[in-house]
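Reviewing the structure listed below.
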Amino acid sequence: MKNRPLHIIGKARRRVDARAKVTGETRYADDLNFPRMLHCRLLRSPLPHAKIVSIDARRALALPGVHLVLTGADMPTTFGILPVSQDEHALCLDKVRFVGDPVAAVVAQTELLAEEALALIDVEYEPLQTISAPEEALSHPEPRIHDYGDSGNVHKAVALSFGSVEQGFAEADHVFEDTFHYAGNTHLPLETHAAVAALDPDGKLTLWSSTQTPHYVHRAVAKVLGQKPSRVRVISTPQGGGFGGKTDPFGHEIVICKAAMMLGRPVKICLSREEVFYCHRGRHPVLMKLRCGVKQDGTLTALHLQTLLDGGAYGSYGVASTFYTGALATVTYHLPNYQFEGCRVFTNKPPCGPKRGHGTVQPRFGQEVQLDKIADKLALDPAELRLRIVAQPGSLTANYLRVQSIGLADCIRSVVRRSDFSNKHRKLPYGKGVGIACSSYLSGAGMPIYYNDMPHSGVQLKLDRSGLVTAFCGVAEVGQGCDDVLCACVAEVLGVEVADVKVVTGDSDLSPVDLGSYSSRVTMMMGNAAIAAAERAREIVATAVADKLGVAADQLVFAQGRVFDAAAPEKGLSFREAVVLAEAAAGTIGTTGSYKPEKPAALFKGGGVGPSPAYSYTAAVVEVSVDPETGWLGIDKVFIAHDIGRALNPTLARGQVEGSVYMGLGEALMEEQAFRRLPPKLSSALVHRTPSILEYKSLTSLEMPEVDIELLEDPDPNGPFGGKEVGQGPLLPIMPAIANAIFDAVGVRIDEVPITPEKILKALAQKAAGKPGRIGPKDFPSVSYPAPLFVPTPWQGGDGRATNEVARPKDKRAKNV
Amino acid sequence: MLRLPEFQLLLPQSLSEALALLQADPEHSSILAGGTDLLPNMKRRQQTPARLISLRNVKELGQLTLSADEFCIGGSVRLRTIETHETLSTELRGLVQAVSQIATVHIRGTATIGGNLCLDTRCEYYNQSQPWRQSIGFCKKKDGDICWVATSSPRCLAVSSTDAAPALMALGAQVQFCSASGLREIPLSALYQNDGIHYLSKRPDELLTLIRIPRRAGQRSAYWKLRRRGSFDFPLLGVAVAVQRDEAGTVQHAQLALGAVSSRPILVEEVAALLIGQPLGDEQIRQAAEAAYPLAKPMDHADMSLSYRKAMVKSLVTSALREVRGDDVSQDRQRLMRVLG
Amino acid sequence: MKQPISLIVNGERYDTLCQPNLTLLEVLRENLQLTGTKHGCELGECGACAVLLDGEPVLSCLVLAMECAGQQITTVEGLARGAELHPLQAAFADHGAAQCGYCTPGILLTAKALLERNPCPSRSEVREALSGNLCRCTGYLQILDAVDAAAQVLREEQR
C-alpha cells in the first residue's frame, strides 16, 4: 500500500452516518422499543456509607403492574472493568458506598410506575462514618470503604524511579517546587446511559446498550449472570456522546439482563441526568506536587512528581488512572531523570475513572504551568524554552515509552507564528494576556485491559458479486466517527466509494472483537486491522483480474470504482466486474485483518500503562482578557496545532480538535463535580452538590471562542495511512495555556482548575495587599508511598527492568487502558 | 426520563372560568402559566398539586397594550413577546434586557411574565430530586425542618430568582390580581415577602392578571445580571435601574432594585434617593454603588461564592447607572453577559 | 384518565389517547414513536428536546401535550423535503455539525426558526439563537458554520 496516491483518505467528506443523524433516524438505546417491553428504575442509596441491614420489597411487589424487584442478593458475583478491581455488584450486596449507589431495581409496566414503586421498598441501613476527602481517607484507615486495596482506604500507591532525581537536582541550577490541584469533573454526555435487554426468539440474551466498550460489558454480563459468553449478545448502540463515561460495565446493564432472563420480556432502563452524575467515572480530583530541576539554559535535569487521587467509592479504571498521572510526563520534553509517586484513595463519592485525556490531564496542567514559571524565572520566552527541550523522535524515554514521530516543535512554531505570540507575550496592555502550553497523548493503549495475546481489533470483510463490500468490526460509535473511518480505510484500499462499503459494527454476534472506544485507540487499531483485511481482499481480486487482463497483479490500480492497469488505465474493469471474476475464481470472498500493538519496551511493574503505537502532540496559545475590577475572564481566541500524522477525514479531525478545545475550556473555566458535606454534627450526608445539567456548568455557544487550527501531517510509521489520535490530545494544553495567559494578563497565578472569576479576583486582592498573587494548594499531605522500583534509564544502559523487583507471573502485570 | 406525577388538568377558555375553577379548590391548585418553572419542580416532586389550571387558552391575559401614560402587560404574555416588542425595547429597555436574559430562547417561548414574577424561590438544597432531598433529610422549604443554608435560621433562605421583578420594580410597575371576590392592585414590590417559603403576598385564590407600567418621558432603564454563562442560568445578582433626568441632566426620578440577593427582590429606595436632584456624575454613581453594597445579602445556596456575588453589587450598579447615563458600556455588557448590544 | 387528543405533527394529524400529565416529548416519542426528538434532562436545561410549536422553538419536555392540541408541531422528522435533505440538514452533514448527533434535532429546529425570522444572521446572532442548545461534542463552531452555509443556500432558493 506504500506510496499509492490517496483518493478518499485526507479529503474532507460527509461522514457515512451523517444522514441518519440529521434526519433523527439514528437509533440510540432509548429509541428502541419492543412489544411487551417493561421498564426498570433503580433505588439508590440515600446514605454515603452504610451497611445494608435488610431490604423488604413486599409493598412494592404488591403494586399492580410491578413485575419484579431485584436486590444485590440476586446477582452476588462481583465485576469491574479491571481484573484487579472486581469490586462492584450490580446492586449493592451488603453495604452502600456513596449517595447514589444502586440498591434495588423495580421492573414494572411503565417507567412512572417503576419509579413510584421505589418508594415502597423498605431498606434498613446501619450508617458508617463518612469519608469525604483524600486527607480524610489517609487519616482514617477505618472504617474501610473496601476490604481490598493497598491499606486502609488507600486503593493503590505506586512509586517508580527512572535514573536518579537526586543526581538530577544536584546538577540543576534551579529546583522548582510547585503544588497544583485539579478538581474533578464529569463527561456530561448529552445522552444519558440507556439499555434494553431481551431474549431473542432462540432464548438467547441480547443487550443493547449505550456503551463505549461492548466487549468488556459482554464479559461482565456473562460473568455475573453465569452465562456462556456465546449465549450473550451485546450490541453497542450509537451513543449520544461518551467521553469515557460509558467505558465501564454498569450495574444497570446487568440488572436488566437478569430481569429479561427471569421475566422473558424485554426490559429497558434509561438513566436520569442525576443518575449519570452518580455513574460518573469522570476526571479524578488530583492534588500534585512537582519538583523540577532546570539548568540556566532551560534544560531539564530531573522531575519528581507526586500525585494524590480522590478515587471515589469504587476501583473502576483507578489503578490505571493512578499510573497515568505519571506515565506521559516524559514524552513531550527530554527528561533524563524522573521519579513518580502516585496514590489513589477511596472516598464515599461516585467513582472516578477515565475522562478524555485519562489521568494525564491533571499532571499536564501542573507541568505546563510550572514550565511557564520556570521560563519567567529564567527570563526565557516560554515557547523558546519548550523548543529547546522537546523530546527526540524515534527514541525511548526515561520510562521506556517508545516514541516514533514527534511533531511537537512544529506545533509550537505553528501556534507561535499564527498567534504572533512573541510580539504579544509580556507586551500586551494590563488585562490582556497570552499563554502557551503543550501536550501529548496516546494513540491507543499498548496493552489490553485483561491480559491476553489476542488482537486488540479485528475486521472482517465480505465482498460479493453485487460490488458491495461489508466490513464487520466490534467498534463502538460514540459519535467520534469510527464507522466513517472503517468505511474510508476499506474504500481507500479497494478503490471504491465509501457508499459502496457497508459497516456492521458493535455487535458481538456479528462483528469480530474490538476492545472499545477508549484511549484514542480506534483509528489506530481498527484502522490498521481494516487496512490489513482490505489488502487481503485486494490481493484476491487482483489475482483474478491479473489473470483476466494478463497484467501483473502488482501493476493493478484500484481507484474510483475500477481495477486497471497502471500503465494503460483504459485497460481494466469495474470493481464489481472484478469481484465477479474473483468470486468465480476463488469462491466466496471473505478476509480478515487484525491488529495488536508491539510489545512494550517497559518490563517493570506498571510499565504496561503508557506504551502506545504512536503519540500525538499538541501546542496551544490562548488569548485572554481579564477584567481587573471583577476578575471576569474572557477567552478571546485559541490557536492550536495538532500533530495528527494524517487527518483521515479532515472534517472529523477538525471536529475532534474543536470539541477537545471546548471540553478543555469547560474544565478550565467552570466544570466541576462538586460535593456538599453537611455539618457533621447534624448530618452524615455527603451529596453531589448539583447533579443537574443546569448547575453543572458547561459552555454554551456564547462562551465558545473561535479556534484557529492547524493539523500537522507527518505520517507516523505505525498509524493507518500515518494517522495518529486526535480525540483527546488537543484537550490537554488548554487549561494550562489559560492559566499562563492569566499570569501574562494580570500577573497572578491560579494553580488550580477550574479557574473562576472569584479566584482571579481573590488573587488580585492578595497581590494588591502585598501577598503572593496566587490561588492554589498550600502544601501536599504526607502520603506513605511505597519504596520505588528503580529502573535504570536507556542512557544508563537499562533494559526496561527494575533492579529491585521480584519476578512476577506474567499475567499479574498492571493492565493498561 | 423524568415524569410528571398525576394531576387533573383544567383548560379554562376565559378568565371568569379560570377564576371559578381556582375558587373551587385554591389550596390544591397550581396555575400553569407557561410551566417552565412549575413542571420541572413537579418532576422533582418539589410540588405535587392535584389540579393544574392552564392559562394557555385564556386570551384576555395574553394582551399587551400601550396607552398615553402606561403599558399594560397581561399576566400570560410570553417572555418572547416582550423580548421582541419594538416599543418596549426602546421605552422599557431594562425590562427587555432582563427578560431577554431569562433562561433560553426556548423557555422564553413558553414562559410568561406572570409566571416569572411568581417564580418559586430557589436553593441548591431545594431544587433537587426527591431522593436527593431525602439524602439530606429534607429542608425547611419542603418536608424538613432545617434550613441547611444557615442551620440556625428561623426561616427559609431560598433566593428570589426572577429577573423580570427587579426590572419592573425599578420601572414602578403595579400588579393586578383577580379572584372570584374581585380585583386588587398593588405595587409590584408589595407582592414579595422576605421568606423563602411564603415569598408572595398573593392569596392562593388570586390570579396575577395584569402588570401596569407607567410611561415616563425620557426615562432610561437598564438591567445587569451576574451569572456564570450567557444563557440558561438563573441570576446570581440582578441590578435594575430606571432614571429620569431633566434637560440639565439633573435626576428627577430614580429607582433601583436588586434581584437574587435575598428571598425577595428589593427596591433600594435609599440608594435611589441619593441620586435624585443630583447630576448623574461619577461621584454620584460611586456613592450609589457603595450604598447598595451592604443591602445585598447573598447566601451560600447558588453558583459562585457569596463573597463574589456581594462584591459584584458595586460593579453592576455602576455599570447599570453608567448605561442609563448614556455611556457606551456595550463591551462590558458583552464581556460580562455575553449578550449582543 | 386517558383523554383523546389530536396533534398536528409535521403537517399530519395524529389522534391518540393520553393522560394529562404527559409532556409533548413523551407523546411524540412514546405514543407516536417519533423518536427523533431527544431528551437530555427533561427539566429544560439542555435543549435536546426542542421542537417548533407554531414555528417557535420550545422545549417539548416542558409543554403538556394536551396544551398543544391544534397547534402546528414540527419535529426533526418533518424537516426533509421528501427524500431530499433540508438545506440545514445537508449543511450539518457536510460541515461535521453532527458528531454524536444527539443535540442535532433540537439544534436543527432552533436554527430553522432563526433563519425563518432572520435569513441573514451574523455569527453572533447564530450563537445567541443557539445558546439554549447544549452540545458536548463539537464546541459549536462547525454548527455555526453549517447554519451559515444553510442560510446561504436558503437565500439563494428564495431568489
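Per residue, chain A exposes 31 Å² of accessible surface when a 1.4 Å probe is rolled over the protein heavy atoms with every protein chain present. Calculated on the alpha-carbon coordinates, the convex hull of the range C:3-78 measures out at 73 cubic angstrom per residue. Treating each Cα of the protein assembly as shown as one equal point scatterer and applying the Debye formula with no solvent, the log10 of I(q)/I(0) at q = 0.05, 0.08, 0.09 Å⁻¹ comes out as -0.36, -0.95, -1.21.
Averaged over the residues of peptide A:96-107, the number of Cβ atoms from other protein chains lying within 10 Å of each residue's Cβ is 1. Whole-Hz Karplus values for the range A:316-322 come out as 6, 7, x, 4, 5, 4, 4 Hz, taken residue by residue from phi with 6.51 cos²θ - 1.76 cosθ + 1.60 and θ = phi - 60°; glycine and proline positions read x.
Carbon and sulfur atoms: what percent of the 1.4 Å accessible area of the range B:1-104 do they account for? Each step should come with its number before you reach the end.
Details: 1910 of 3880 Å².
The value for the range B:1-104 is 49 percent carbon and sulfur by accessible area.
Put simply, the amide H of A:Lys596, placed in the peptide plane, has neighbours under 5 Å in A:His456, leaving out anything fewer than 5 places away on its chain. Charge dipole (Cα centre; +1 on Lys/Arg Cβ, -1 on Asp/Glu Cβ; no other charges) of chain A amounts to roughly 480 debye. Computed 3J(HN,Hα) for the range A:572-578, one whole-Hz value per residue from the Karplus formula 6.51 cos²θ - 1.76 cosθ + 1.60 where θ = phi - 60°, is x, 8, 5, 4, 4, 4, 5, glycine and proline marked x. In the range A:11-50, comparing the full protein assembly with the chain on its own, the residues that lose 30 Å² or more of accessible surface at a 1.4 Å probe are A:Arg14, A:Arg15, A:Arg19, A:Lys21, A:Val22, A:Thr23, A:Gly24, A:Tyr28, A:Asp30, A:Asp31, A:Asn33, A:Pro46. Backbone phi angles across the range B:272-283, fed through the Karplus curve with coefficients 6.51, -1.76 and 1.60 (θ = phi - 60°), yield HN-Hα couplings of 4, 4, 5, 8, 5, x, 10, x, 8, x, 4, 5 Hz in residue order; Gly and Pro are listed as x.
Sorted by packing (mean other beta-carbon atoms within 10 Å per residue), highest first, where do A:458-471, B:53-66 land? If you can, show how the numbers build up before the last one.
Working: A:458-471: 20.5, B:53-66: 18.9.
Final packing ranking: A:458-471, B:53-66.
Using a 1.4 angstrom probe on protein heavy atoms only, the contact between A and C buries about 4000 square angstrom of accessible area, both sides summed. Roughly what % of Cα-Cα distances in the range A:221-275 sit above 13 Å, to the whole percent? For the range A:221-275, the share of Cα pairs beyond 13 Å comes to 69 percent. Relative contact order for the range C:87-158: 51 percent, from Cα pairs under 8 Å spaced at least 6 residues apart, divided by residue count.
The reciprocal of the average 1/r between distinct C-alpha atoms defines the Kirkwood hydrodynamic radius, which for the range A:173-301 equals 17.1 Å.
Scanning residues 5 or more positions from B:Phe71 or on other chains, those with amide H under 5 Å from its amide H are B:Ile213, B:Arg215, with H placed 1.01 Å from N in the peptide plane. Here r is the Cβ-Cβ distance between A:Gln555 and A:Thr110 and R0 is 45 Å; the resulting FRET efficiency, rounded to 0.05, is 0.10.
Rank-order A:794-800, C:16-22 by packing density, defined as the average count of other C-beta atoms within 10 Å over each peptide's residues, highest first. Please list the in-between numbers first.
Details: A:794-800: 13.9, C:16-22: 18.6.
So the peptides A:794-800, C:16-22, ranked by packing, come out C:16-22, A:794-800.
I need the calculated FRET efficiency for the pair B:Glu247 and B:Asp143, taking r as the beta carbon distance and R₀ as 60 Å, to the nearest 0.05. Can you show the working numbers first?
Numbers: r = 58 Å, r/R0 = 0.97.
Using R0 = 60 Å, I get an efficiency of 0.55.
How do the peptides A:324-335, B:147-158, A:543-554 rank, highest first, by the average count of neighbouring beta carbon atoms within 10 Å per residue? Let's see the in-between values first.
Details: A:324-335: 26.1, B:147-158: 18.2, A:543-554: 16.2.
Those peptides, ordered most packed to least, come out A:324-335, B:147-158, A:543-554.
Each Cα pair under 8 Å and six or more residues apart adds its separation to the average, and for chain B the resulting relative contact order is 15 percent. Taking every residue in A:262-274 and counting other chain Cβ atoms within 10 Å of its Cβ, the average works out to 2.
For the range A:112-135, the residues whose backbone nitrogen is under 20 Å from a point 7 Å from the Cα of A:Lys778, taken along Cα to Cβ, are A:133-135. The residue among A:Ala614, A:Gly634, A:Leu665 whose Cα reaches farthest toward the positive pole of the charge dipole of the range A:557-679, with charges on the beta-carbon of Lys, Arg, Asp and Glu, is A:Ala614.
Dipole magnitude of the range C:87-158 about its Cα centre, charges +1 at Lys/Arg Cβ and -1 at Asp/Glu Cβ only, in debye to the nearest 20? Could the numbers behind the result be given before it?
Working: 6 positive and 8 negative charges, 46 e Å.
Its charge dipole is roughly 220 debye.
Residues whose amide H lies under 5 Å from that of A:Thr347, counting only those 5 or more places away or on a different chain, are A:Gly311, A:Gly312, A:Ala313; hydrogens are built 1.01 Å from N in the peptide plane. Each of B:Lys310 and A:Asp202 was given a label point 7 Å from its Cα along the Cα-to-Cβ line. The distance between the two points is 7.0 nm. Working note: Debye formula, equal point scatterers on the alpha-carbon atoms of the range C:87-158, no solvent; log10 I(q)/I(0) at q = 0.11 Å⁻¹ is -0.21. Rounded to the nearest 5, the antiparallel percentage of DSSP beta bridges internal to chain B is 85%.
For peptide C:105-117, compute the average count of partner chain beta-carbon atoms within 10 Å of each residue's beta-carbon.
Values: counts 5, 2, 2, 3, 1, 3, 0, 0, 3, 1, 0, 0, 1.
Mean partner shielding for this stretch: 2.
Using every pair of distinct Cα positions in chain B, the Kirkwood expression returns a hydrodynamic radius of 20.4 angstrom.
Pairs with C-alpha atoms separated by more than 19 Å, drawn from the list A:Lys697/A:Lys759; A:Lys432/A:Lys767; A:Lys424/A:Lys767; A:Lys295/A:Lys432; A:Lys246/A:Lys605, are A:Lys424/A:Lys767; A:Lys295/A:Lys432; A:Lys246/A:Lys605.
So for chain A, averaging the separation of alpha carbon pairs under 8 Å that are six or more residues apart and normalising by length, what relative contact order in percent results? Show your work: numbers first, answer last.
On the way: 2199 pairs, mean separation 134.4, N = 817.
Contact order relative to length: 16 percent.
The values are calculated or read from the model by the stated rules, or taken from the named source; none is laboratory data. Only a predicted model underlies this, so the values are computations on that prediction, with no experimental measurement involved. Note that each Cβ is placed from the backbone with ideal geometry, even for glycine, and that neighbours are counted across all protein chains shown. The accessibility values were calculated without ligands, DNA or RNA, using every heavy atom of the protein model including side chains. Shrake-Rupley method; radii C 1.70, N 1.55, O 1.52, S 1.80 Å.
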